[in-house]
Amino acid sequence: MNLIIQGTEIENSDLRALAKLAGASQIERITGEAFRMLDAQPHPEIESFCKQTTLDFAFVPPGKKLADFGLVVMDMDSTLLAIESIDEIADFHGIKAEVAAITQSTMRGEINFAESITRRAALLEGLPESVLQRVYDERLRLSLGAEKMLQCMQSVGIKTMVVSGGFTFFTERIMKRLGLDYAFANTLDIQNGKLTGKVLGNIIGATAKGEILKQKRDALGLSKEQVIAIGDGANDIKMLGAAGVGIAFHAKPVVQAQATYCLNHVGLDGVLNLFE
């Protein structure tokens, strides 16, 4: 296997120690923040070593190329974006802490997503629609490395899709801004220029995320192995499971336990370094 080591600061001594643990035959530099160790073998101490040195590690089959994939599916909030958009909307209502607490509990898998989004949306009742644009203009930030990752994937013909438990107001704009191929999200009900506190139609939660990925995968004629899915919360687990490669990005422990690979320290462009 190839052992990929990534981090914002990688010491040569740490690389040598990891190569010894893994019995690697060679160390290749991918970027200043990523290295590939060849002919590596799993060792029980590698995970704890990387945790202590704040490094990400992944055992990847040799010869696995980025161009082998045909679709990447991403969660939006706290994955493609470095914010939770509903929490930022709530901030304009003076209830960010209350809504954020529900958000975090949901992402840990403690609250059913449909129940959670219904509760959180209800707390937004009466907010002017203009607040959504303010959140987009003033608060929205892409995750580190997001644009680099997408540009590279698009350059090799990979289709890009965001599937969010958040709202279409943001996914539509992000889709246009980043040139994404597909976007799915929930729709806030707005009447007379104000949020009613309701979500329209069927809620996109954990099950729907997985089903949307499967439907798009099949429509494109792709196998499961040709799909990458990236997420951070419990409602992303079924989506990650429907992909050949499921990546937990700065994710909750319940998600990391189910993922193929975990990135806890580097940006989204770290996904690129996993493949040749």
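Taking the square roots of five times each eigenvalue of the Cα gyration tensor of the chain, the equivalent ellipsoid has semi-axes of 35, 20, 16 Å, listed largest first. By the count of neighbouring beta-carbon atoms within 10 Å, fewest first, M1, M239 end up ordered M1, M239. Looking at region 66-276 alone, DSSP beta bridges between its own residues are antiparallel in about 25 percent of cases.
Let me make sure I get this right: for region 140-231, a, b and c are the square roots of the gyration tensor eigenvalues over alpha carbons, sorted descending. Under 1.5 in a/c it's rounded, otherwise prolate if a/b > b/c, else oblate. Which is it? Oblate, since a/c reaches 1.5 and b/c is not below a/b.
Return an integer: the convex hull volume of the alpha-carbon atoms of region 1-124, in Å³ per residue.
Values: hull volume 20.0 nm³, N = 124.
Measuring per residue, one finds 161 Å³ for the Cα hull of region 1-124.
List the GluC sites (Glu not before Pro) within region 93-137 that fall in a DSSP loop (any state other than H, G, I, E or B) and whose Cβ has at most 16 other Cβ atoms within 10 Å. Passing both the DSSP loop test and the Cβ count: E110, E125, E129. Here the Gaussian network model covers the chain, with springs between Cα atoms less than 10 Å apart; of F170, F35, F49, F49 fluctuates the most. Rg/Rh for region 206-276 stands at 0.97; both radii use Cα atoms, and Rh follows the Kirkwood definition. What trypsin sites (Lys or Arg not before Pro) in region 128-207 are in a loop by DSSP, with at most 16 other Cβ atoms within 10 Å of the Cβ? Here the trypsin sites (Lys or Arg not before Pro) that fit, given the DSSP loop and packing criteria, are R141.
Rounded to the nearest Å, what's the spacing between the alpha carbon centres of region 55-70 and region 161-221? Just the number, please. Region 55-70 and region 161-221 have Cα centres spaced 28 Å from each other.
We did not get these values from a lab; they are worked out from the coordinates using the rules stated. Since this is a predicted model, take the numbers as computed values, not measurements. Cβ coordinates were reconstructed from backbone atoms using ideal geometry, including for glycine residues, and neighbour counts include every protein chain displayed.
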